[in-house]
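Everything on this sheet refers to the single structure shown next.
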Amino acid sequence: MKILVIKGSPHKNGSSNLLAEQFEQGAKEAGHEVVEFDTARAKIAPCIACDYCHKAETEGSCCQKDDMKILKKEVIEADVLVFATPVYWHSTSAQIKLAIDRMYAFYNQISEGKKIVLLAAANNPNAHIMDPLVMTYKDICHSLKGENAGMVLAFHCGTREETEQSKYPEEAYELGKNIEK
């Protein structure tokens, strides 16, 4: 099974990337192919809502020429999509949000039934900090006609060290190891 991990942290060694690393390790040990796309290092422009992508002659193509063409190919080919993001102001990072917004161009080309996973890390010690993000994530699953295959919601994990000492890396590893088609 092909798993695409879409990372959204501007911090290479941050907490959400640690969760992604652990998920990937578990998935690889289970024999899955894992591909990463790092939105924080990619060149992705924001959607300009021009609807170029939904004209008959340009269906699914964006007028902007950037790294989304790479992500589009990987999203379409993947069996599982994993969104790994820090929580910034009750939502995803801006970096991953750019990619999610631009998926609008080709969402109808994404096959139904993909499994979708959320890995999120927040500095805030209150679990409710994840509520708006979870609501958005569930809407994304619905819009993509995908299946929520699991979430690791790591709150009170502002630094990599805090996250390493928590239960969340193990939860991410187990989710990756036990993901099924």
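The values are calculated or read from the model by the stated rules, or taken from the named source; none is laboratory data. Since the model is a prediction, treat every value here as computed from it, not as a measurement. Backbone-built Cβ (ideal geometry, glycine too); neighbour counts: all protein chains shown. Areas reflect the complete protein model, heavy atoms only, side chains present, ligands, DNA and RNA absent. Shrake-Rupley method; radii C 1.70, N 1.55, O 1.52, S 1.80 Å.
Assuming Cys62 fulfils every condition listed in (1) modelled with pLDDT under 95; (2) part of a helix (DSSP H, G or I) apart from one, which condition is it?
Condition not satisfied by Cys62: (2).
Residue by residue through segment 127-181, note down the ones that are of a type in the set (S, T, N, Q) and in contact with a Leu (Cβ under 6 Å, 6 or more places away or on another chain). Break it down stepwise before answering.
First pass over segment 127-181, keeping only residues of a type in the set (S, T, N, Q): 136, 143, 148, 159, 163, 165-166, 178.
Passing the criteria: only Thr163.
Can you pull out the residues in segment 19-49 that are open to solvent by 10 Å² or more (accessible area, probe 1.4 Å) and not in a loop (DSSP other than H, G, I, E, B)? Spell out how you get there, then give the answer.
First, the residues of segment 19-49 that are open to solvent by 10 Å² or more (accessible area, probe 1.4 Å): 21-22, 24-25, 28-38, 40-49.
Answer for segment 19-49, where residues must be open to solvent by 10 Å² or more (accessible area, probe 1.4 Å) and not in a loop (DSSP other than H, G, I, E, B): Glu21, Gln22, Glu24, Gln25, Lys28, Glu29, Glu33, Val34, Val35, Glu36, Phe37, Asp38.
Kindly list, by first and then second residue, each pair from a residue in segment 146-158 that is over 14 Å from Ile3 (Cα atoms) to a residue that is at pLDDT below 95 and open to solvent by 60 Å² or more (accessible area, probe 1.4 Å), limited to pairs with Cβ atoms under 6 Å and residues at least 6 apart or on different chains.
His156/Pro125
Would you confirm whether or not segment 71-86 contains a residue that is modelled with pLDDT of 95 or more and of a type in the set (Phe, Trp, Tyr)?
We begin by selecting, within segment 71-86, every residue modelled with pLDDT of 95 or more; these are 71-86.
Filter once more, keeping what is of a type in the set (Phe, Trp, Tyr): 83.
Taking every residue of segment 71-86 in turn, at least one turns out to be modelled with pLDDT of 95 or more and of a type in the set (Phe, Trp, Tyr).
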